[in-house]
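Read through the structure below, which is laid out as structure tokens, and then see the notes.
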Amino acid sequence: MRIAILDDDESQVQLVSYLLEKAGFNCHGFANGKDLLRQLRRESFDLLVLDWSVPDISGTEILSWVRGNLPQRVPVLFVTGRTSENDIVAGLAAGADDYMIKPLRGSELVARVQALLRRAYPEAVHDQISFGPYRFETSRNEVHFAGESGQTHSALLTQKEFDLALMLFRNAGRPLSRSHIREVVWGRDIEIPSRTMDTHISRIRSKLELRPEHGFRLVPVYSYGYRLDPMGQEELETPAS
């Protein structure tokens, strides 16, 4: 899970990043709201940790933009020095999912983040995830879908192919940069040849038959990355029963 942390206090960003990375999360720190907004327009995050008072753009302004512009409801945790009940109520009323007061207690922070992620992404505890006609089986790296004949087809993917396909479906309609894809699928510190990513994309397109007649089209975004386009349908990610 990728987590964005906004705080103009560098030591606070480092502390939150340290606590959450130790718990297995991938953290990205931002010292001002403009930089975070710029990344939110280009990249996807699974959870936001926002300081209330940031000099250029406040946490509440960031939250307002997130709720009005991002297709999925990304969970937001406010971390701030404000302690009054009115402030807490105002933060939650603005759309925050939870609220913590500085100084932070590490174990509580991790527990709250984990709880928010469980609520926001219930499919994480399910073996199957469905996107329209495509059903992902997470325990087997297998995807089931209706082929041209109308019969159900099954495609067995490698781990990287499965991770890449799942990320594309979770961000359907959004352009994903090559750097973002590389970081999420291969790791932040891993350098791979450009051809490696293109080969994985080609295999996914072929194995899952990602064509308009099947509801999705996987297209390159010139000089940027790739985008999975839903064709004339509203895509919602849901755990399969």
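Could you check segment 179-222 and list, in sequence order, the residues that are modelled with pLDDT of 90 or more, under 22 Å from the mean Cα position of the chain (by Cα) and not hydrophobic (A, V, I, L, M, F, W, C)?
198, 200, 205, 217, 220
Every residue in segment 223-241 that is among the aliphatic types (A, V, I, L, M), open to solvent by less than 70 Å² (accessible area, probe 1.4 Å) and modelled with pLDDT under 90, please.
Once the filter is applied, which keeps residues that are among the aliphatic types (A, V, I, L, M), open to solvent by less than 70 Å² (accessible area, probe 1.4 Å) and modelled with pLDDT under 90, segment 223-241 yields 231, 240.
Do you know which of the residues in segment 91-104 that are over 12 Å from residue 59 (Cα atoms) and in contact (Cβ under 8 Å) with a residue 24 or more places away in the chain is farthest from the chain's Cα centre (by Cα)?
102
Pairs needed: first member in segment 23-44, crowded, with 18+ Cβ neighbours inside 10 Å; second member anywhere, hydroxyl-bearing (Ser, Thr, Tyr) and in a loop (DSSP other than H, G, I, E, B); C-beta distance under 9 Å; at least 6 residues apart or different chains.
Pairs that qualify, where the first residue is crowded, with 18+ Cβ neighbours inside 10 Å and the partner is hydroxyl-bearing (Ser, Thr, Tyr) and in a loop (DSSP other than H, G, I, E, B), are 33/58.
Among the residues that make up segment 84-96, is at least one of them in contact with a helix residue (DSSP H, G or I) (Cβ under 8 Å, 6 or more places away or on another chain) and within 23 Å of residue 21 (Cα to Cα)?
Checked against the condition, which is being in contact with a helix residue (DSSP H, G or I) (Cβ under 8 Å, 6 or more places away or on another chain) and within 23 Å of residue 21 (Cα to Cα), segment 84-96 yields at least one hit.
Considering only helices (runs of 4 or more DSSP H) fully contained in segment 1-95, which possess at least 2 residues that are modelled with pLDDT under 90, over 25 Å from residue 187 (Cβ atoms) and out of contact with any Ser or Thr (no Cβ under 9 Å at 6 or more places or on another chain)?
It comes to 59-69, 85-93.
Here's a check for you: in segment 176-218, which residue that is touching a helix residue (DSSP H, G or I) at 6+ places or on another chain (Cβ under 7 Å), in a helix (DSSP H, G or I) and farther than 19 Å from residue 26 by Cα is most open to solvent (accessible area, probe 1.4 Å)?
203
Which residues, taken from segment 96-109, are surrounded by fewer than 18 Cβ atoms within 10 Å (Cβ to Cβ), part of a helix (DSSP H, G or I) and not hydroxyl-bearing (Ser, Thr, Tyr)?
Listed by number, the residues that qualify are 106, 108.
Here is a yes/no grid of residues against (1) touching a strand residue (DSSP E or B) at 6+ places or on another chain (Cβ under 9 Å); (2) open to solvent by 20 Å² or more (accessible area, probe 1.4 Å); (3) not hydroxyl-bearing (Ser, Thr, Tyr):
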position: 80; (1), (2), (3): yes, no, no
position: 88; (1), (2), (3): yes, yes, yes
position: 93; (1), (2), (3): no, yes, yes
position: 111; (1), (2), (3): no, yes, yes
position: 140; (1), (2), (3): yes, yes, yes
position: 145; (1), (2), (3): yes, no, yes
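If you check residue 136 against the conditions, is it of a type outside the set (D, E, K, R), crowded, with 17+ Cβ neighbours inside 10 Å and either free of Cβ contacts under 8 Å to residues at least 12 places away in the same chain or more than 14 Å from residue 217 (Cα to Cα) (or both)?
yes
The values are calculated or read from the model by the stated rules, or taken from the named source; none is laboratory data. Source: prediction; values computed, not measured. Cβ: placed from backbone, ideal geometry, glycine included. Neighbour counts: every protein chain shown. Surface accessibility is based on the protein's heavy atoms, side chains included, excluding ligands, DNA and RNA. Shrake-Rupley method; radii C 1.70, N 1.55, O 1.52, S 1.80 Å.
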